[in-house]
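The structure under discussion appears below in the form of structure tokens.
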Amino acid sequence: MKFKQLSLPLFICLASSTPLAAQSVTTDNWYMSPGIIGTFILITIVLFIAVITLTARLNDYVGKLKKRKQARQRLAFAEELIGLEAGEIDAILQKRKAALQYHLEGNELGSDLDAEDSHGLIDKVTSEPENPFFDEKKKTPISLETPWELKKIIIYYLGAAVCWLLVGTLVGQYAGMKFVWPDMEHTSWLSFGRLRPVHTNTVFWGWASMAMIGLAYFVIARTSNTTIHSYKKAWIAWGLFNLSVLLGNICLMAGINNGGGEYREFIWPVMLLFAAGLFITFRNFYLTVAHRKISEIYISNWFILASLTWTIILVLIAYLPFYQNGLGETIIQGYYMHQGVGMWFMTFSLGLVYYYLPFSLNKPIYSYSLGVLAFWTQMLFYTLIGTHHFVFSPLPWWLQTVAIVFSAGMFIPVVTGTTNFLMTMKGSWNHISKSYVLPFFLVGVIFYFVGSTQGSLQAFRFTNFVWHFTDFNVAHSHMTMYGIITFILWGCIYHILPKLTDKEPPQILVGAHFWMAFIGLFAYMVSLMAGGTLKGLSWIDGHPFIESVILMKPFWVWRAIGGSLMFVSHIIFALNFYYMVKKEAPAELPVSNHLKKIVA
Amino acid sequence: MFNFHKDHRTLINTALAGFLLLSLGIAVLPAYQMQDVEPLPSQPLLTEQQLKGLSIYISEGCVACHTQQVRSIEMDKMWGGRPSMPSDYYFSKQRMDIWRQSPSLLGSERTGPDLTNIGKRQPAEQWHLLHLYNPRTVVSESVMPAYPWLFETKDASEISDNDVTVPVGKEFFNDASQQIVATEDALALIAYLQSLKQAELPGGTTPAFIASAKKAPANATAEQALDLPDGASLYTQTCAACHQTTGKGLPGAFPPLSGSSIVNDANYELLVKIILQGYDARSEFGQMPAFASQLTNEQIAAIANHERNSWGNSAAKISAEDVKKIREMVTPAND
């Protein structure tokens, strides 16, 4: 009866909590009417009883089968005993007696000999194997042979990304503090309206984009079994990306802004630099894949190449002026801001996961076909959902409806991807607790499911009613850009860098990075979700607007606390990055004259 | 023929063509069609100063916190008389210059109020000047940034007649020899904000909002006994920005209501007239806008009753019927 008892208060909760609870008979709240609820409960009871009965029946049947089998075994055993001869029985009993009387001498594991590791198997000796505070993780084994030009490119892309992560999140943290202390300072260059786009653009184009491309250089070369088409072009693109983010941020802080559309704040000459970088990168990747030494194109390369193609088109559509006056701009804005996330960051990162996740687990991806399905559905569904940022706005109703329908359709690629990744991890759960890389992937994959599904639900008209325009949106974007993208990128970086440079970061610092980022994100998300919901309900109830500002204040404090934790974790990450890439001066070894002679 | 696994050219071309086709259908074509609108007949062209204000509105990133769209749902009724429509943006959403595109005015976040109708809700220039210099001078709970760089400080002796001075309170600017003067930019931005008014639809038709059922009031107060809306809440919404929640007003800008002889007068006629028609009789204070077109008789009665019985004030309550009589008295019959 447990389910019935649970379901009844649940329905009542739902019915009373919704501010749309109808007074008159309307069709929009059909699922809330007592008749429907009652029918649901009745069907649930029937279903419940059916399940109980069926389970009992099955249980009986299985029990009967088992009993029959046991009886048969007992009979066979008795027959075997009877068939034995007296001598045989004695031998068995004596063997058993000796076994029961055996006990250890106490010196089975040691000896008086000195310890010697003649095969080079021991990596580390510790006097406290059971450290109560820090779980020792596995070392990264074997370094990979990679051309030094490629190594250098990857390290520089990641290095630039780490710098932009620090800058971008410092700015974000500062902007978040302005909600708590709006009169901290009054410098025009540091005012909230100007810093907000600096934060978003820096972490988008600076951190995530540079990190993704750096990591992809390895994937493209490795899975094509060849060298990168042109190292020089990789450097040119590197310069263009950095220049674009740098100039863009200076412009924004000086008040030069393309029009205020989110992620479209860089003016076109600045964004053109970025687009040129994208195009050069695309050509470089494409030509590398075209000259691959194996016949199949690995699924990661599908995602990475397509993501670059789509983003180039996206930027062009977003910046061409011919259809952008009036609400035309708004349609493009909805399309662009969602595709920027969906076609660029999400698609590209998925490509990286398809390579780095199986790699770090040392096993193939669970299903290649699911990856292909996820690829095409990603293109079909994601492209059509931009207008869900403008539900109930003056944009055409059909456009809003298409966006909502396909937002629901996003369940397909999301469930496909999540299943694929979790099934790849299945059977290797103990690897996760032993690795400092895999927890990042696990968080990324879980958030991929939770964040994307939550986003789809948020597009529905009722949830839009409550959450739209509130701080809930900010929570959602951090759950996805941070929980999914950033965690995945960290997983990839911690996995590949030690293999390239032969240097591992201190495990305790990786642990500190992981937990601070994770707890910080949670504090950030939960406070803004709770506050955002209360804000929306306050608006629906028609309270004066200023009340919704006042009620948000404690939540903004918690957001700032979560943000601080996240920022501190990034400093630790930067430190870890430094540990992984720093050049050690070759140690001055005393060289014997004998050796010098040999070398000479 | 379509071997995506082995033929990189087919793979990339298909992905490209698919995405391009979908994008044209879902974004470019609808956007192109959306440009085909005309302004409403009653909609005024933006002046050069207002356009300059719009440009400052964009560079300061105001759109990060302020929306300009009244959605078609009932909760947005507080921001405008009707849902926004494409024509509303005819003059404001045009490409700004060669470097900058059409401004993204609709916005995605409402950390501050929607501004669709701010010109009607808050027409007083003096309020905007104070509010821009530092929002906390007029709304103490506000978290909006201050914009002191849109103002300059001048020696009191150098003030000319053309300078627009801002009566900032001592708490925020304490230097008797200096005065705060608005720059051209501040005046342009305010001119733009004042221009933000929902244009009337021809023929007086009003498209409906999608209704949501209201919750039954939890506990009846004295005002509900008179069958009036909640005066305190309406006061916070409509009046507190100038007269403050304390009823004390702001010295040098907005008069106090607490202890005011007009508010406490047994004859409520002048009080109701001021709310209906506005007031500009006292030069030491800013001008009060008229609220006849924004508030119903019930709402005005509720607000008046709140004012007459708060902050130590004490006067008899009035009813919606009383307000209606005065409204008929001050409104010409043909209107």
- Can you tell which of A:480, A:416 is out of contact with any Cys (no Cβ under 7 Å at 6 or more places or on another chain), more than 30 Å from residue A:505 (Cβ to Cβ) and more than 11 Å from every other protein chain (Cβ to nearest Cβ)? A:416
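Tell me, please, whether a residue that is open to solvent by less than 10 Å² (accessible area, probe 1.4 Å), more than 7 Å from chain A (Cβ to nearest Cβ) and either farther than 30 Å from residue A:285 by Cα or part of a loop (DSSP other than H, G, I, E, B) (or both) can be found in segment B:34-51.
Filtering segment B:34-51 for residues open to solvent by less than 10 Å² (accessible area, probe 1.4 Å) gives none.
No, every residue in segment B:34-51 fails to be open to solvent by less than 10 Å² (accessible area, probe 1.4 Å), more than 7 Å from chain A (Cβ to nearest Cβ) and either farther than 30 Å from residue A:285 by Cα or part of a loop (DSSP other than H, G, I, E, B) (or both).
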- Would you pick out the residues in segment A:423-445 that are of a type outside the set (A, V, I, L, M), buried (at least 19 other Cβ atoms within 10 Å of the Cβ) and part of a helix (DSSP H, G or I)? A:424, A:439, A:440, A:441, A:444
- Query: Can you pull out the residues in segment B:238-266 that are under 21 Å from residue B:118 (Cβ atoms), more than 10 Å from chain A (Cβ to nearest Cβ) and hydrophobic (A, V, I, L, M, F, W, C)?
  - Reply: B:239, B:242, B:250, B:253, B:254
- Message: Take the conditions within 9 Å of chain A (Cβ to nearest Cβ) and within 13 Å of the chain's Cα centre (by Cα) and apply them to residue B:88. Does it pass?
- Response: no
- Item | Count - residues of segment B:24-50 that are under 18 Å from the mean Cα position of the chain (by Cα), within 21 Å of residue B:100 (Cβ to Cβ) and modelled with pLDDT under 95 | 1
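Got a sec? Which of A:296, A:265 is acidic (Asp, Glu) and within 21 Å of residue A:374 (Cβ to Cβ)?
Values: A:265 fails: within 21 Å of residue A:374 (Cβ to Cβ).
Every option except A:296 fails the conditions.
Can you pull out every residue in segment B:237-255 that is within 15 Å of residue B:284 (Cα to Cα) and either surrounded by fewer than 17 Cβ atoms within 10 Å (Cβ to Cβ) or of a type in the set (Ser, Thr, Tyr) (or both)?
At the first step, the residues of segment B:237-255 found to be within 15 Å of residue B:284 (Cα to Cα) are B:242-243, B:249-255.
Within segment B:237-255, B:251, B:252 qualify.
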- Query: Which number in (1) at pLDDT 85 or above; (2) touching a Leu at 6+ places or on another chain (Cβ under 7 Å); (3) within 14 Å of chain A (Cβ to nearest Cβ) marks the one condition that residue B:235 misses?
  - Reply: (2)
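So, in segment A:455-473, how many residues would count as being farther than 17 Å from residue A:402 by Cβ and buried (at least 20 other Cβ atoms within 10 Å of the Cβ)? It would help to see each step written out before you state the result.
Taking segment A:455-473 and keeping what is farther than 17 Å from residue A:402 by Cβ, we get A:457, A:462-463, A:465-473.
Applying the additional criterion that residues be buried (at least 20 other Cβ atoms within 10 Å of the Cβ) yields A:465-472.
Looking only at that region, the number is 8.
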- Message: Could you check segment A:375-405 and list, in sequence order, the residues that are under 22 Å from the mean Cα position of the chain (by Cα), surrounded by fewer than 24 Cβ atoms within 10 Å (Cβ to Cβ) and more than 9 Å from chain B (Cβ to nearest Cβ)?
- Response: A:377, A:381
- Could you say whether any residue in segment A:258-266 is touching a residue at least 12 places away in the same chain (Cβ under 8 Å), at the interface with another protein chain (Cβ under 9 Å from one of its Cβ atoms) and within 16 Å of residue B:15 (Cβ to Cβ)? no
- Item | Those residues of segment A:179-235 which are open to solvent by 30 Å² or more (accessible area, probe 1.4 Å) and among the aliphatic types (A, V, I, L, M), in sequence order | A:180, A:184, A:190
- Task: State all residues of segment A:238-261 that are crowded, with 24+ Cβ neighbours inside 10 Å and part of a loop (DSSP other than H, G, I, E, B); if no residue qualifies, say none.
- Result: A:257, A:258, A:260, A:261
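Residue-by-condition table, conditions (1) away from every other protein chain (no Cβ under 14 Å); (2) part of a helix (DSSP H, G or I); (3) modelled with pLDDT under 95:
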position	(1), (2), (3)
A:526	yes, yes, yes
A:539	no, yes, yes
A:547	no, yes, yes
A:564	yes, yes, no
A:574	yes, yes, no
A:586	yes, no, yes
A:596	yes, yes, yes
- Would you mind telling me which numbered condition in (1) closer than 22 Å to residue B:122 by Cβ; (2) in contact with a Lys or Arg (Cβ under 8 Å, 6 or more places away or on another chain) residue B:268 fails? (1)
- Name the residues in segment B:282-335 that are of a type in the set (Gly, Ala, Ser), assigned to a helix (DSSP H, G or I) and in contact with a Lys or Arg (Cβ under 9 Å, 6 or more places away or on another chain), would you? B:301, B:304
- Task: Determine the pairs where a residue that is away from chain B (no Cβ under 11 Å), located within segment A:168-184, has a partner that is open to solvent by 50 Å² or more (accessible area, probe 1.4 Å) and part of a helix (DSSP H, G or I) with Cβ atoms under 8 Å apart, the partner being 6 or more residues away or on another chain.
- Result: A:174/A:190
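Residue by residue, here is whether (1) more than 8 Å from chain A (Cβ to nearest Cβ); (2) buried (at least 20 other Cβ atoms within 10 Å of the Cβ); (3) over 30 Å from residue A:318 (Cβ atoms) holds:
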position	(1), (2), (3)
B:64	no, yes, no
B:83	no, yes, no
B:97	yes, no, no
B:137	yes, yes, yes
B:156	yes, no, yes
- Task: Taking the options A:510, A:557, A:526, name whichever one is β-branched (Val, Ile, Thr), surrounded by 17 or more Cβ atoms within 10 Å (Cβ to Cβ) and out of contact with any Lys or Arg (no Cβ under 6 Å at 6 or more places or on another chain).
- Result: A:510
- Item | Answer from A:149, A:145, A:105, A:130 - the residue that is at pLDDT below 95, surrounded by 11 or more Cβ atoms within 10 Å (Cβ to Cβ) and of a type in the set (D, E, K, R) | A:149
- Might you let me know whether segment B:66-76 holds any residue that is in contact with a strand residue (DSSP E or B) (Cβ under 7 Å, 6 or more places away or on another chain), in a loop (DSSP other than H, G, I, E, B) and within 8 Å of another protein chain (Cβ to nearest Cβ)? yes
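Do we have any residue at all in segment B:107-116 that's away from chain A (no Cβ under 14 Å), within 19 Å of residue B:63 (Cβ to Cβ), surrounded by 18 or more Cβ atoms within 10 Å (Cβ to Cβ) and in contact with a helix residue (DSSP H, G or I) (Cβ under 6 Å, 6 or more places away or on another chain)? Let's see the steps before the verdict.
Here is the first cut: in segment B:107-116, the residues away from chain A (no Cβ under 14 Å) are none.
Scanning segment B:107-116 turns up no residue that is away from chain A (no Cβ under 14 Å), within 19 Å of residue B:63 (Cβ to Cβ), surrounded by 18 or more Cβ atoms within 10 Å (Cβ to Cβ) and in contact with a helix residue (DSSP H, G or I) (Cβ under 6 Å, 6 or more places away or on another chain).
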- Query: Which of the following residues is open to solvent by less than 20 Å² (accessible area, probe 1.4 Å), over 19 Å from residue A:259 (Cβ atoms) and in a helix (DSSP H, G or I): B:58, B:26?
  - Reply: B:26
- If residue A:262 satisfies every condition in (1) within 21 Å of residue A:312 (Cβ to Cβ); (2) at pLDDT 95 or above but one, which is the exception? (2)
- Just checking, how many residues over segment A:298-334 are free of Cβ contacts under 8 Å to residues at least 40 places away in the same chain, open to solvent by 10 Å² or more (accessible area, probe 1.4 Å), in contact with a helix residue (DSSP H, G or I) (Cβ under 6 Å, 6 or more places away or on another chain) and more than 8 Å from chain B (Cβ to nearest Cβ)? 1
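The values are calculated or read from the model by the stated rules, or taken from the named source; none is laboratory data. Because the structure is predicted, anything quoted here is derived from the model rather than measured. Reconstructed Cβ throughout: ideal geometry from the backbone, glycine too, with neighbour counts over all protein chains shown. Remember, those area values only see protein heavy atoms, side chains included, never the ligands or the DNA or RNA. Shrake-Rupley method; radii C 1.70, N 1.55, O 1.52, S 1.80 Å.
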